[in-house]
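One structure below.
The values are calculated or read from the model by the stated rules, or taken from the named source; none is laboratory data. Note that the structure is predicted; figures quoted are calculated from it, not measured. Counting neighbours? That spans all protein chains shown, and the Cβs are built from the backbone with ideal geometry, glycine included. When the accessible area is computed, the model is the full protein with side chains, heavy atoms only, and any ligands, DNA or RNA have been set aside. Shrake-Rupley method; radii C 1.70, N 1.55, O 1.52, S 1.80 Å.
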Amino acid sequence: MSSLFIFLLCILQALQVDSNGTFVSVRGKVKTIIESVQTRCDHDFVEFFNKVPHNDFLYTFRVAKLAPSFFINITLRAVKTQRVMYRISLEGCAFLKNPIMNKVLGSTYRKVLVNTTFKCPIQPRVYFMRSPSAVYIMPPFHPAGKYHMNARIKMSQSPAPFVMEIEWIFVHGKVKVILESVETNCDHDFVEYFRPVPNQETLHHFRVVRLAPSFTLNIVMRAMRSQRVMYKINNLDGCQFINNPFMSKVLAPTYNILIVNNSNFKCPIQPKVYYLKNVGQAFMMPAFHPLGSYQLTVRVQMSQSRAPFVMEVHMHGKVKTIVESVQTNCDHDFVEYFHKVPGTEMLYTFRVVKEAPTFSINIIIRALSSQRILYKMNKLDGCQFLNNPLMSKALMNTYQSIVANKTIFRCPIPPKVYFLKNMAMAKIIPFFHPVGRYQVNVQIKMSLSSAPFVMEVVWKYNVMHLK
């Protein structure tokens, strides 16, 4: 029983602890924040189960009675819908004899052991858990959101619903939008100043010194590198917008973010000091957007002023793609195996066991939530592509990024072991792309094989606004 809770607690303790005592785990660019953790025991077979005082990484429990056998039950639910994301139930002693019977738990168990292994029956004594910083029980691919995980140890000898239990609430995969810089300017005529409030992270203030009967809004978003204009709003009537913010679906949410204490503006704008909040969070980027670094300029103009603007905000930000998981499969006939090289992060290997005279490539990109097909390529002749990668610009970049040691593939593909690199960074994702979560399936098919594919790679990724 102690060995099982070693692997259960490794989940808990392997989560890195920040300076505020918050448990945080980061895999690549995907962050998991543990909001709360609770431990319980039955006070019969297990006398106590709690954190070691003054230590964020150690938990202790005391087994008071011999535990001849036990069972493991783990359930993960979405907090909002209570939908079960996954459930694990297995016999604990069988797991201890063969931890690889469950890859998720086996990996966790192996990493948490300290100079010992455990066998049934579990002897009565006090146990401690020490966890590495890399242990992570959650599946590598997981939707962003807020979740509740419950892990229980049960025994047939006990009438209690559990002898030990861990429950924790965590937020996974949500990355806050952070801008690289925010710059504010004004004309020093109609508007005397426009700047951050001293010692305030979220507040800006500006002082209008003349009555403003009307004004217009101009918004431009440009790519930083090319200065290409991505979108533009010109001469939007500011007074009409203030009277009805929903006349612009893009600006309405931003306006609501900026307003302090629900104090809406009205025309004419009276001379006085005004406040805005969250200027650095009001980055009005459309949902459908190319990846890259951008500048957003918002200007307030007045016909009564000869200046190019009376107020201006510059914001710089990025749209980024985060690969959440890479999964490889093969038919185990033409291709014996296709997996990551042990002990490496960048290399994958596969073994061709039968000569492949020809093959075709199928690629599909789907939105995960709706399963809508975003992009599709069917039956691209693989041998023609290898002879001339320029026939497909999208695949050429991917091909060049994953080929290891300058290996050049040619048809027929002879039987041997091959290597690929950078699978998690393969440039298969289109440049112009909606923000959201997606799955790319790339399948290699052969007419000589009755299987749906001989090799397959599945990427799941998230396109988001991110610093």
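Remarks
- Placing R0 at 22 angstrom, the Cβ-Cβ distance between Leu258 and Gln227 gives a FRET efficiency of 0.25 after rounding to 0.05.
- In this structure, Glu91 and Val458 have a Cβ-Cβ separation that, at R0 = 25 Å, corresponds to a calculated FRET efficiency of about 0.20.
- What the phi angles of segment 329-342 give under the Karplus curve with 6.51, -1.76 and 1.60, with θ = phi - 60°, is a coupling list of 9, 8, 8, 6, 10, 5, 10, 6, 8, 7, 7, 6, 5, x Hz, glycine and proline written as x.
- When nucleic acids and ligands are ignored and a 1.4 Å probe is applied, Phe71 ends up with an accessible area of around 90 Å².
- Ser360, Ser36, reordered so the largest accessible area comes first (probe 1.4 Å): Ser36, Ser360
- Net length gained if the chain between Glu201 and Arg83 were fully extended (0.36 nm per residue, minus Cα distance): 38.7 nm
- Cross-link pairs beyond the 24 Å C-alpha cut-off, checked among Lys340/Lys379; Lys51/Lys154; Lys65/Lys119; Lys51/Lys80: Lys340/Lys379; Lys51/Lys80
- Under 9 Å, Cβ to Cβ, from Thr184 - net charge with Lys/Arg +1 and Asp/Glu -1: -1
- Put simply, the amide H of Val454, placed in the peptide plane, has neighbours under 5 Å in Ile444, Lys445, Met446, leaving out anything fewer than 5 places away on its chain.
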